[in-house]
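A.B. asks: Pasting in a structure now, in structure tokens, and then I'll have a few things to ask.
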Amino acid sequence: MLRIRNLKCYYGRIMAIKGVSLSVAEGELVSLIGANGSGKSTLLQAICGLLPGWEGELAFRNDSLKGLRPPAIVQKGISLVPEGRLIFPPLSVLDNLKLGAYTRYRKKQHIEIAQDLEMVMTLFPVLKERTRQAAGTLSGGEQQMLAIGRALMAKPSLLLLDEPSMGLAPLLVDKILRTLVQLRENGITILLVEQNAQAALKIADRGYVLETGRVVLQGNSQDLLADDEVKRAYLGKDYGDFYEGRG
Amino acid sequence: MEYPDYEQRLQIQLERLQSTLNRAFRSVPFHQKRLQEHGMDPLHVETLSDLSRLPFMERKDLGEHYPYGLFAVPLRDIVRIHTAPGTNLHPTVTGYTKHDLKVWREMVARALAASGVTALDILQITFDSGLANWGRDYKDGAETLEASVIPNTPLSLEKQLMVLRDYKTTVLITIPSAASQLVSYMFRSEFNPTGLNLKTLILVGDAVAPEFRAFLEDRLHVSVWLQYGLSEVPGPAMAFECRNHQGLHVSEDHFFPEIINPKTGEVLSPGETGEVVFTSLSNRAFPLIRFRTGDKAKLISEPCSCGCPFARIEWLGERTDDLLTINGVKLHQTQIIRHLEKALGFAPDQCRIFKKQYSYLEKYGARSYLEVWLLMNENLFSDEIKMLQKLIHNAEEKLHENIGVPVKIKLKEIRTFAGENR
């Protein structure tokens, strides 16, 4: 569904993504893990058209995304849940959600939009209780749900998420990730960027490990979770754990 | 078995190739230095054919970085270490991570399944000590298929036949010359093959001529399947025959094959005969980047009617280098001489090395051994025959231990030394 070959992204003259190839098949949940500054968010921004000037090949359903502006990419069926949620704090929860569907209003899809609004409210009942409330007054977890809900209002077939667990309590992280599994079961393909590697790999089908702008490892998520290198670098296991019992 | 379509396969191969290069470049000084010497960075490899811009890796590189110099992971991630005879004084040492072993197991299991092996089979593995690594890999692969495995144990022919018969073995994995040795032993000892349950013979280590295959199938009442592997960078089943027996499918999801002109190094098109070069795509501990195998083959790119999309090679059995293949073990002249020097305790003035076959056997692919001729002169001479015999006997044993194939050492006078090899 999404196919990336030899992607290179630049910030000025600095190459932040150094020839990344990666793919997401229809119906898959793929996690992209890596340390700070490894280029995970940059990659998502390039897919969404937020970082023009990339080189290589970025294709969605075999159509190139080259030169497309973000609204056109959203219309193709790709939505981003950005890092730090980036909701509109003064606007109500309802307006935030409606804004997510703004490319569809032009197409007069009012009935479908109403249905999707209902779907989001069912997915996150807490949002239904707070439709009139200013989004800025929501808790962190609720804001994250709102950000996901807003992305879903664009009716994406591919959902990109940038660090949805950031700053959330473990219980809420669990809830958000469970929602992703549910969305995948409903047929949405998901590319998840996470620093919380353990949690991200647990729910994913496959994963990629990014290191300073390059993919150094890929595989099915069970293999990655069991991988010594991944454990050392991303799952917070101390070197001591490995030496234990080895004299 | 389900296979991804062409585009998907291409994508998977490219992704795996690039991350292999990234890991090798990051973790192995040898790979990093060589890429840099060629003015290359892994990011310059944007397609599978860009691989042809990278330098080759040769057998001698494996020996020069003895023991762990080519490992791409810390030793604490290694769960198995294999040693194979190298082409020089040092053996070749390879390592595996937990994940590598899993990949090999599945790869071998897939190749066995393509030969019709199932959980109902009783599988017997027979190799010389030089190919003991393959024995382990086949055992693991067959166990993954849940077949009943009789692992590789050095047995006399008599005992081997006893196990074949009494344990009701249905699949035998061995090298061609050992199979031929078995046939002649059976016929000499008046044992009718109808007394066996054997139905599948999987041959590895050497290519087989069509007549030899027909001979074995006829005498043993089996179907023969050929599989290809590398003994120094284990393991087996990197390429395997399917039910059509028309070339060997390369496990392309884990190894990317190229056929090159052995003289110029240029990549040849499908159908042209050249040397097989492999690049590993999923190996973690021991990445191979454009490894020259020395084996001659040609690539068959037409799709196979068995449904397996992996490209096939026609394995020709000849070599592009001066390695001797003895019972599947590859040996280099200089390596043999160095080991000989160590075994004798001095450097012989002159010696000649031959690959010989035990003479009592059938004409096809008889079991081979290494024969070494030493020129008899004052340095070697002793007036006590016993001393000489002891020296030769010890040297034979030591040499056998080091290179993993049977050895005979003969003392020759100057007149016969230069003569014809008979």
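Every number in this text was worked out from the coordinates using simple rules, so none of it is lab data. Small disclaimer: the values here were computed from a predicted structure and weren't measured. Note that each Cβ is placed from the backbone with ideal geometry, even for glycine, and that neighbours are counted across all protein chains shown.
A.B. asks: Gaussian network model of chain B, Cα springs within a sub-10 Å range: biggest mean-square fluctuation belongs to which of B:Ala132, B:Ala285, B:Ala214?
C.D. replies: It is B:Ala214.
A.B. asks: Starting from the 7 Å offset along Cα-to-Cβ, what nm value, one decimal, do you get for the label separation of B:Asp349 and B:Ser156?
C.D. replies: 4.1
A.B. asks: Counting other beta carbons within 10 Å of each Cβ, put B:Trp134, A:Trp54 in order, fewest first.
C.D. replies: Going from sparsest to densest Cβ surroundings: A:Trp54, B:Trp134.
A.B. asks: Return B:Ser148, B:Ser19 ranked ascending by Cβ neighbour count within 10 Å, so the fewest neighbours appear first.
C.D. replies: Lowest to highest Cβ neighbour count: B:Ser148, B:Ser19.
A.B. asks: Further question: When only alpha-carbon atoms are used, what values of Rg and Dmax, in angstrom, describe region A:23-76?
C.D. replies: 11.9, 31
A.B. asks: Can you give me the angle between helix A:170-185 and the longest principal axis of chain A, using Cα atoms only, in degrees from 0 to 90, rounded to the nearest 10?
C.D. replies: Approximately 70 degrees, to the nearest 10.
A.B. asks: Taking GluC sites (Glu not before Pro) as exposed when DSSP calls them loop (any state but H, G, I, E, B) and at most 12 other Cβ atoms lie within 10 Å, what is the longest stretch of chain B free of them, the sites themselves excluded?
C.D. replies: The segment B:3-145 is the longest one with no such site.
A.B. asks: I'd like the FRET efficiency for A:Glu57 and B:Cys306, computed as 1/(1 + (r/R0)^6) with the beta carbon distance as r and R0 of 30 Å, rounded to 0.05.
C.D. replies: 0.40
A.B. asks: For B:Lys263 and A:Gln75, what is the calculated FRET efficiency with R₀ set at 51 Å and r taken between the beta-carbons, to the nearest 0.05?
C.D. replies: In this case the efficiency is close to 0.35.
A.B. asks: Express in nm, to one decimal, how much length is gained between A:Gln109 and A:Thr137 on full extension, taking 0.36 nm for each residue of separation and deducting their alpha carbon distance.
C.D. replies: Gain on extension, A:Gln109 to A:Thr137, equals 7.1 nm.
A.B. asks: Need one number for region B:1-80: average projected area of the convex hull over its C-alpha atoms, nm².
C.D. replies: Computed as one quarter of the Cα hull surface, the answer is 7.2 nm².
A.B. asks: Could you tell me the largest-minus-smallest coordinate of the C-alpha atoms of region B:303-343 on each of the three principal axes, in descending order and whole angstroms?
C.D. replies: For region B:303-343, the Cα extents along the three principal axes come out at 52, 17, 13 Å.
A.B. asks: Sort the protein assembly as shown into rounded, prolate or oblate with this rule: let a ≥ b ≥ c be the square roots of the eigenvalues of the Cα gyration tensor; rounded if a/c is under 1.5, and if a/c is not under 1.5, prolate when a/b is larger than b/c, oblate otherwise.
C.D. replies: prolate
A.B. asks: Can you list the aspartates and glutamates whose alpha carbon is less than 16 Å from that of A:Lys155, not counting same-chain residues fewer than 8 positions off?
C.D. replies: A:Lys155 reaches A:Glu26, A:Glu112, A:Asp116, A:Glu118, A:Glu185.
A.B. asks: Which of B:Lys199, B:Lys139, B:Lys298 moves the most in a Gaussian network model of chain B with Cα springs under 10 Å?
C.D. replies: Between B:Lys199, B:Lys139, B:Lys298, it is B:Lys199 that shows the largest mean-square fluctuation.
A.B. asks: I would also like to ask the following. Defining a contact as two alpha carbons under 8 Å apart and six or more residues distant in sequence, what relative contact order in percent does chain B show?
C.D. replies: Reported as a whole number, the value is 15 percent.
A.B. asks: To make sure I understand, if each residue's beta carbon is the centre and we count other beta carbons within 10 Å, what order do A:Leu192, B:Leu75, B:Leu226 fall in, fewest to most?
C.D. replies: B:Leu75, B:Leu226, A:Leu192
A.B. asks: Something else now. Which whole-number percent is the relative contact order of chain A (Cα, under 8 Å, 6+ apart)?
C.D. replies: 27
A.B. asks: Further, regarding this structure: Per residue of chain B, what 222 nm ellipticity follows from adding -39500 (n - 2.57) for every DSSP H run with n ≥ 4, rounded to the nearest 500?
C.D. replies: Details: 11 runs with 136 residues, N = 422.
Only helices count here, giving -10000 deg cm²/dmol.
A.B. asks: Search the structure for amide H atoms under 5 Å from the amide H of B:Thr92, placed 1.01 Å from N in the peptide plane, and list their residues when 5 or more places away or on another chain.
C.D. replies: B:Ala84, B:Gly86
A.B. asks: Whole angstrom only: what separates the Cα centroid of region A:146-187 from the Cα centroid of region B:297-331?
C.D. replies: 49
A.B. asks: Expressed as a whole number of Å, what is the distance separating the alpha-carbon centroids of region A:1-24 and region B:184-233?
C.D. replies: 51
A.B. asks: I would also like to ask the following. Starting from the Cα gyration tensor of chain A, multiply each eigenvalue by 5, take the square root, and state the resulting semi-axes largest first in whole Å.
C.D. replies: Largest first, chain A gives 31, 23, 16 Å.
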